[in-house]
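The values are calculated or read from the model by the stated rules, or taken from the named source; none is laboratory data. Remember, predicted model here, so these are calculated numbers, not experimental data. Cβ: placed from backbone, ideal geometry, glycine included. Neighbour counts: every protein chain shown.
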Amino acid sequence: MYICNGVIPTLVGSRVKLCAMTTEHASALYQIWSHPEVTRWLGVPALSSIEETEQLIAFLSQMAQEEDSLRWSIVGPGGEVIGSCGYNYWQLQGAYRGEIGCDLAPALWGLGYMKEALGLVLNFGFNRMGLNRIEALCHPDNNRAERLVQTLGFQKEGILRQYRQTPSGFQDVTLHALLRGEWQ
């Protein structure tokens, strides 16, 4: 439905472009997905090789083809891959909601790239996918992520206790949500 003839749509902003992940992005994504400042908030072990990154890209691409998930590479103004973002899942029957996730190279944190990228993702979700509610789950100590989703208009709804299992044990998350009627 959202992928036309096997093609993940490209979304273009003023400074970033969201495009389908490819193995050509593996080296850049490996640098991000294995970086301790990024993996700290993901709750998963750092990737150990570019080959493992290529396998994850293939898995995410397959999930997109099956419309179980949809993740884009974020391409910066210089044409380099600087992160990824997208929908971890969505549910249309009865709920019309989805959950977003994102990661960005730490050297670019605080420069507005992720805000722009997630704006494209939210617009796609509300206007192309027909979602009514989009959720973001944040680690309770990740103040940067909390500020980001709040600047996009998300409302903090509460804490989901021991919601995720991580290598260090069960982890709480804060639940933030944005409704279609609240999106500008």
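Here are the numbers for this structure:
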quantity	calculated
Subset tally (residues that are in a helix (DSSP H, G or I) and either loosely packed, with under 14 Cβ neighbours inside 10 Å or among the aliphatic types (A, V, I, L, M) (or both)) for the stretch 124-135	1
Conditions (1) in contact with a Phe, Trp or Tyr (Cβ under 7 Å, 6 or more places away or on another chain); (2) surrounded by 21 or more Cβ atoms within 10 Å (Cβ to Cβ); number of the one not met by Ile50	(2)
Residue within the stretch 146-157 that is modelled with pLDDT under 95 and either closer than 23 Å to Val38 by Cβ or among the small types (Gly, Ala, Ser) (or both) present	no
Meets criteria (surrounded by fewer than 17 Cβ atoms within 10 Å (Cβ to Cβ), assigned to a loop (DSSP other than H, G, I, E, B), touching a residue at least 24 places away in the same chain (Cβ under 8 Å) and in contact with a Lys or Arg (Cβ under 6 Å, 6 or more places away or on another chain)) for Pro77	yes
Identity of the residue in the stretch 101-111, small (Gly, Ala, Ser) and surrounded by 14 or more Cβ atoms within 10 Å (Cβ to Cβ), that ends up farthest from the chain's Cα centre (by Cα)	Ala105
Residues satisfying the stated conditions in the stretch 5-47, i.e. among the β-branched types (Val, Ile, Thr), within 25 Å of Arg144 (Cβ to Cβ) and surrounded by 14 or more Cβ atoms within 10 Å (Cβ to Cβ)	Val16, Ile32, Val38, Thr39
Counted residues, the stretch 100-110 - those being in contact with a strand residue (DSSP E or B) (Cβ under 9 Å, 6 or more places away or on another chain) and not in a helix (DSSP H, G or I)	6
From the options Ser27, Ser61, Ser14, Ser49, residue that is in contact with a helix residue (DSSP H, G or I) (Cβ under 8 Å, 6 or more places away or on another chain), touching a residue at least 40 places away in the same chain (Cβ under 8 Å) and polar (S, T, N, Q)	Ser14
In the stretch 160-184, the residues that are closer than 22 Å to Tyr113 by Cα and part of a helix (DSSP H, G or I)	Glu182
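Here is a yes/no grid of residues against (1) in contact (Cβ under 8 Å) with a residue 40 or more places away in the chain; (2) closer than 22 Å to Ser14 by Cα; (3) outside any helix (DSSP H, G or I):
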position: Gly98; (1), (2), (3): no, no, yes
position: Ala117; (1), (2), (3): yes, yes, no
position: Leu137; (1), (2), (3): no, no, yes
position: Val149; (1), (2), (3): no, yes, no
position: Gly158; (1), (2), (3): no, no, yes
